[in-house]
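Below is one structure, written out as structure tokens; the observations come after it.
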Amino acid sequence: MAEETNQPVPSEAEATPSETVAESTQAEATETEAQPAAKKSAAKPKDGEVPAKAVAAKKEKPPALEDKPFGEFVEQYYIPAIQKVLAAQGIEDAKLALEKQKIPVVGFDSSPECWQISGSLNQDSRKFNLYFLDESIQGKKAFSYTTGKSQPSTIESFLIDERKMTLDLLVWGIIQRLNAQKWLARN
């Protein structure tokens, strides 16, 4: 014979979470089955209509700024962003231009032309160039600078450890590099 235990049946307040979830799931299933056919057919689109879910799914987010063509990105977004940050630093006479020319560093006379941002500060007494060797913001980049009327004598890599270039990262990199030369703020 099986022993009968006199354990009370738990009330709804005392029910375990799994019992409560199971009961609510059963109740929802019963309600769904009981819905009239008119409500179910109202959700179906008529001939020629596009379902609301399909319209929402077709909305695509616009491409990132960094995915725009190289020239457009640099001229419309990067150069203005650099000028804005330089103006915030108190440098109002910054001149920046995107040009395709040979690298003006000693020893690079025979190298092919590349896109570069040529910049000058302080009434053209300080000049710098940011080279895009692959015509892409994601490709190889280099930097050079000079003071006075001399030609730059060295070229250095620029943001080589970054996996994905963003507008903010590129602006940060050039500002950090100019600040390292003490061109933006005094010590």
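The values are calculated or read from the model by the stated rules, or taken from the named source; none is laboratory data. As the structure is a prediction and not an experimental result, all values here were calculated from the model. Calculation scope for accessible area: heavy atoms of the full protein, side chains included, ligands and nucleic acids excluded. Shrake-Rupley method; radii C 1.70, N 1.55, O 1.52, S 1.80 Å.
The table below lists the values:
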item	result
Long pairs among 141/164; 149/182; 95/140; 68/182, criterion Cα-Cα beyond 21 Å	95/140; 68/182
Per-residue SASA entry for residue 156, accessible area with 1.4 Å probe, Å² rounded to 10	60 Å²
